[in-house]
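See structure below.
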Amino acid sequence: MFENAVFSLITGIALRIGTKPLVTDSDFYLAFATLDQGLDQSTTGIHGKDEQKLQQAIVQLENFMATNPSAIMQANALVFLGWAYTDLGQLDLALTQLREAKMINQKLNMTTTLSYSNYSIMRIHLARGDYKLVTDMADETITTTLQARFLARAYYEQGQIQQAINVLQKAKQQRPALWQSDDSVRLSQYQSAITGNKLSLSPEPLAHLVYCESDWEH
(Lines give C-alpha, C1' and ligand atoms only; values in the text may rest on other atoms or scores of the structure.)
Protein backbone atom coordinates (compact mmCIF):
# COMPACT_ATOMS: atom_id res chain seq x y z
CA MET A 1 0.00 0.00 0.00
CA PHE A 2 1.02 3.63 -0.57
CA GLU A 3 1.20 4.48 3.14
CA ASN A 4 3.55 1.60 3.89
CA ALA A 5 5.86 2.60 1.05
CA VAL A 6 5.96 6.20 2.26
CA PHE A 7 6.77 5.31 5.87
CA SER A 8 9.33 2.72 4.80
CA LEU A 9 11.00 5.41 2.69
CA ILE A 10 10.99 7.82 5.63
CA THR A 11 12.50 5.16 7.87
CA GLY A 12 15.29 4.54 5.38
CA ILE A 13 16.09 8.24 5.13
CA ALA A 14 16.01 8.64 8.91
CA LEU A 15 18.39 5.72 9.36
CA ARG A 16 20.82 7.17 6.85
CA ILE A 17 20.91 10.57 8.52
CA GLY A 18 20.88 9.12 12.04
CA THR A 19 17.65 10.71 13.26
CA LYS A 20 16.39 8.19 15.85
CA PRO A 21 13.15 10.04 16.84
CA LEU A 22 12.09 10.13 13.20
CA VAL A 23 12.83 6.43 12.86
CA THR A 24 10.69 5.71 15.93
CA ASP A 25 7.78 7.82 14.68
CA SER A 26 7.99 6.27 11.22
CA ASP A 27 7.96 2.74 12.66
CA PHE A 28 4.85 3.60 14.67
CA TYR A 29 2.94 4.98 11.70
CA LEU A 30 4.07 2.12 9.48
CA ALA A 31 2.54 -0.28 12.00
CA PHE A 32 -0.58 1.92 12.09
CA ALA A 33 -0.87 1.75 8.29
CA THR A 34 -0.52 -2.04 8.32
CA LEU A 35 -3.12 -2.30 11.08
CA ASP A 36 -5.52 -0.12 9.10
CA GLN A 37 -5.21 -2.49 6.16
CA GLY A 38 -5.96 -5.48 8.37
CA LEU A 39 -8.86 -4.29 10.51
CA ASP A 40 -12.40 -5.20 9.47
CA GLN A 41 -13.93 -2.07 7.97
CA SER A 42 -16.57 -3.77 5.85
CA THR A 43 -19.45 -1.99 7.58
CA THR A 44 -18.11 1.30 6.23
CA GLY A 45 -17.72 -0.11 2.72
CA ILE A 46 -13.91 -0.17 2.76
CA HIS A 47 -12.56 -3.71 3.21
CA GLY A 48 -12.94 -6.77 5.37
CA LYS A 49 -10.56 -8.29 7.87
CA ASP A 50 -7.12 -9.35 6.68
CA GLU A 51 -5.65 -11.66 9.33
CA GLN A 52 -2.22 -11.70 7.69
CA LYS A 53 -2.01 -7.90 7.89
CA LEU A 54 -3.19 -7.99 11.50
CA GLN A 55 -0.48 -10.48 12.44
CA GLN A 56 2.07 -8.33 10.60
CA ALA A 57 0.87 -5.23 12.46
CA ILE A 58 1.20 -7.05 15.79
CA VAL A 59 4.83 -7.90 15.02
CA GLN A 60 5.53 -4.30 13.98
CA LEU A 61 3.87 -2.90 17.09
CA GLU A 62 5.71 -5.30 19.40
CA ASN A 63 9.01 -4.38 17.73
CA PHE A 64 8.11 -0.72 18.22
CA MET A 65 7.39 -1.33 21.91
CA ALA A 66 10.79 -3.02 22.25
CA THR A 67 12.49 0.28 21.35
CA ASN A 68 11.26 1.73 24.66
CA PRO A 69 9.25 4.65 23.23
CA SER A 70 7.71 7.37 25.38
CA ALA A 71 4.87 6.39 27.70
CA ILE A 72 2.40 8.24 25.50
CA MET A 73 3.46 6.32 22.40
CA GLN A 74 3.42 3.06 24.38
CA ALA A 75 -0.22 3.70 25.31
CA ASN A 76 -1.11 4.41 21.67
CA ALA A 77 0.60 1.23 20.51
CA LEU A 78 -1.16 -0.80 23.21
CA VAL A 79 -4.55 0.40 21.99
CA PHE A 80 -3.59 -0.64 18.46
CA LEU A 81 -2.50 -4.06 19.73
CA GLY A 82 -5.83 -4.33 21.54
CA TRP A 83 -7.71 -3.68 18.30
CA ALA A 84 -5.62 -6.19 16.36
CA TYR A 85 -6.16 -8.93 18.94
CA THR A 86 -9.87 -8.09 19.15
CA ASP A 87 -10.33 -8.49 15.40
CA LEU A 88 -8.46 -11.80 15.59
CA GLY A 89 -10.86 -12.99 18.29
CA GLN A 90 -8.15 -13.14 20.96
CA LEU A 91 -10.18 -11.15 23.45
CA ASP A 92 -8.26 -11.95 26.63
CA LEU A 93 -5.04 -10.76 25.01
CA ALA A 94 -6.86 -7.68 23.73
CA LEU A 95 -8.12 -6.82 27.21
CA THR A 96 -4.62 -7.16 28.64
CA GLN A 97 -3.26 -4.62 26.13
CA LEU A 98 -6.17 -2.22 26.54
CA ARG A 99 -6.10 -2.28 30.33
CA GLU A 100 -2.38 -1.52 30.30
CA ALA A 101 -3.05 1.36 27.90
CA LYS A 102 -5.78 2.60 30.20
CA MET A 103 -3.44 2.66 33.21
CA ILE A 104 -0.86 4.69 31.30
CA ASN A 105 -3.48 7.11 29.99
CA GLN A 106 -4.90 7.62 33.47
CA LYS A 107 -1.45 8.24 34.91
CA LEU A 108 -0.65 10.81 32.21
CA ASN A 109 -4.16 12.31 32.20
CA MET A 110 -4.51 11.59 28.47
CA THR A 111 -8.25 11.99 28.18
CA THR A 112 -8.58 11.32 24.46
CA THR A 113 -6.62 8.08 24.34
CA LEU A 114 -8.14 7.07 27.69
CA SER A 115 -11.55 7.18 26.04
CA TYR A 116 -10.24 4.96 23.21
CA SER A 117 -9.03 2.33 25.64
CA ASN A 118 -12.25 2.59 27.65
CA TYR A 119 -14.69 2.15 24.79
CA SER A 120 -12.55 -0.62 23.31
CA ILE A 121 -12.77 -2.47 26.62
CA MET A 122 -16.52 -1.83 26.77
CA ARG A 123 -17.01 -3.20 23.26
CA ILE A 124 -15.29 -6.46 24.17
CA HIS A 125 -17.54 -6.84 27.21
CA LEU A 126 -20.59 -6.22 25.00
CA ALA A 127 -19.44 -8.85 22.53
CA ARG A 128 -19.16 -11.35 25.37
CA GLY A 129 -22.51 -10.41 26.88
CA ASP A 130 -20.80 -9.18 30.04
CA TYR A 131 -23.18 -6.24 30.39
CA LYS A 132 -22.60 -5.71 34.09
CA LEU A 133 -18.89 -5.13 33.39
CA VAL A 134 -19.90 -2.34 30.99
CA THR A 135 -22.29 -0.64 33.40
CA ASP A 136 -19.62 -0.92 36.10
CA MET A 137 -17.74 1.62 33.94
CA ALA A 138 -20.58 4.16 34.17
CA ASP A 139 -18.52 6.35 36.50
CA GLU A 140 -15.78 6.72 33.88
CA THR A 141 -15.77 10.17 32.28
CA ILE A 142 -17.62 9.91 28.96
CA THR A 143 -15.96 12.01 26.28
CA THR A 144 -17.02 10.13 23.13
CA THR A 145 -20.30 9.04 21.62
CA LEU A 146 -19.12 5.43 21.46
CA GLN A 147 -18.74 5.26 25.22
CA ALA A 148 -22.31 6.49 25.55
CA ARG A 149 -23.57 4.07 22.89
CA PHE A 150 -21.93 1.07 24.52
CA LEU A 151 -23.01 2.03 28.03
CA ALA A 152 -26.58 2.62 26.88
CA ARG A 153 -26.66 -0.76 25.12
CA ALA A 154 -25.50 -2.52 28.25
CA TYR A 155 -28.24 -0.82 30.29
CA TYR A 156 -30.80 -1.83 27.68
CA GLU A 157 -29.66 -5.45 27.67
CA GLN A 158 -30.07 -5.50 31.46
CA GLY A 159 -33.62 -4.15 31.18
CA GLN A 160 -32.69 -0.67 32.43
CA ILE A 161 -34.20 1.10 29.45
CA GLN A 162 -34.68 4.52 31.04
CA GLN A 163 -31.01 4.50 32.00
CA ALA A 164 -30.12 3.77 28.39
CA ILE A 165 -32.24 6.70 27.25
CA ASN A 166 -30.72 9.01 29.84
CA VAL A 167 -27.16 8.14 28.77
CA LEU A 168 -27.82 8.92 25.09
CA GLN A 169 -29.80 12.08 25.80
CA LYS A 170 -26.94 13.37 27.94
CA ALA A 171 -24.42 12.54 25.22
CA LYS A 172 -26.50 14.37 22.62
CA GLN A 173 -26.74 17.43 24.84
CA GLN A 174 -23.07 17.52 25.81
CA ARG A 175 -21.49 16.62 22.45
CA PRO A 176 -23.87 17.71 19.69
CA ALA A 177 -21.06 17.98 17.11
CA LEU A 178 -20.34 14.26 17.48
CA TRP A 179 -23.97 13.15 17.38
CA GLN A 180 -24.83 11.15 14.25
CA SER A 181 -28.08 10.09 12.59
CA ASP A 182 -27.64 6.47 13.69
CA ASP A 183 -27.30 7.70 17.27
CA SER A 184 -30.70 9.33 16.89
CA VAL A 185 -32.09 6.08 15.53
CA ARG A 186 -30.77 4.15 18.52
CA LEU A 187 -32.18 6.70 20.97
CA SER A 188 -35.61 6.52 19.32
CA GLN A 189 -35.47 2.73 19.50
CA TYR A 190 -34.87 2.82 23.24
CA GLN A 191 -37.67 5.36 23.65
CA SER A 192 -39.95 3.00 21.75
CA ALA A 193 -38.87 0.06 23.89
CA ILE A 194 -39.86 1.77 27.10
CA THR A 195 -43.48 1.60 25.95
CA GLY A 196 -43.17 -2.15 25.57
CA ASN A 197 -42.18 -2.49 21.93
CA LYS A 198 -39.95 -5.46 21.18
CA LEU A 199 -36.65 -4.46 19.59
CA SER A 200 -34.34 -6.27 17.22
CA LEU A 201 -31.14 -4.26 17.52
CA SER A 202 -28.14 -4.43 15.22
CA PRO A 203 -24.70 -4.84 16.81
CA GLU A 204 -22.99 -1.71 18.05
CA PRO A 205 -20.12 -0.29 15.92
CA LEU A 206 -16.73 -1.93 16.26
CA ALA A 207 -14.43 0.14 18.46
CA HIS A 208 -11.78 0.64 15.79
CA LEU A 209 -14.15 2.03 13.16
CA VAL A 210 -14.21 5.56 14.57
CA TYR A 211 -10.72 6.15 15.86
CA CYS A 212 -10.78 9.56 14.20
CA GLU A 213 -13.79 10.72 16.24
CA SER A 214 -11.37 13.03 18.00
CA ASP A 215 -7.72 13.82 17.38
CA TRP A 216 -5.21 11.12 18.24
CA GLU A 217 -2.94 12.43 20.98
CA HIS A 218 0.76 11.72 20.71
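The values are calculated or read from the model by the stated rules, or taken from the named source; none is laboratory data. Quantities reported herein were computed from a predicted structural model and do not represent experimental measurements. Ideal geometry is used to build each Cβ from the backbone, glycine not excepted, and the neighbour counts take in all protein chains shown.
Structural remarks
- Asn109 meets all of the listed conditions (1) on the phi > 0 side of the Ramachandran plot; (2) within 15 Å of the chain's Cα centre (by Cα) but one, namely (2).
- Extreme residue, modelled with the lowest pLDDT, among residues of segment 36-88 that are within 12 Å of the chain's Cα centre (by Cα) and either among the polar types (S, T, N, Q) or over 22 Å from Ala101 (Cα atoms) (or both): Asn76
- When segment 87-97 is filtered for residues that are touching a helix residue (DSSP H, G or I) at 6+ places or on another chain (Cβ under 7 Å) and over 24 Å from Asp25 (Cα atoms), the ones remaining, listed by number, are Asp87, Leu88, Leu91, Leu93, Leu95.
- Among the conditions (1) more than 30 Å from Met65 (Cβ to Cβ); (2) at pLDDT 95 or above; (3) surrounded by fewer than 19 Cβ atoms within 10 Å (Cβ to Cβ), Asp182 misses just one, which is (2).
- Candidates are the residues of segment 132-146 that are modelled with pLDDT of 95 or more and part of a helix (DSSP H, G or I); the one that is surrounded by the fewest Cβ atoms within 10 Å (Cβ to Cβ) is Lys132.
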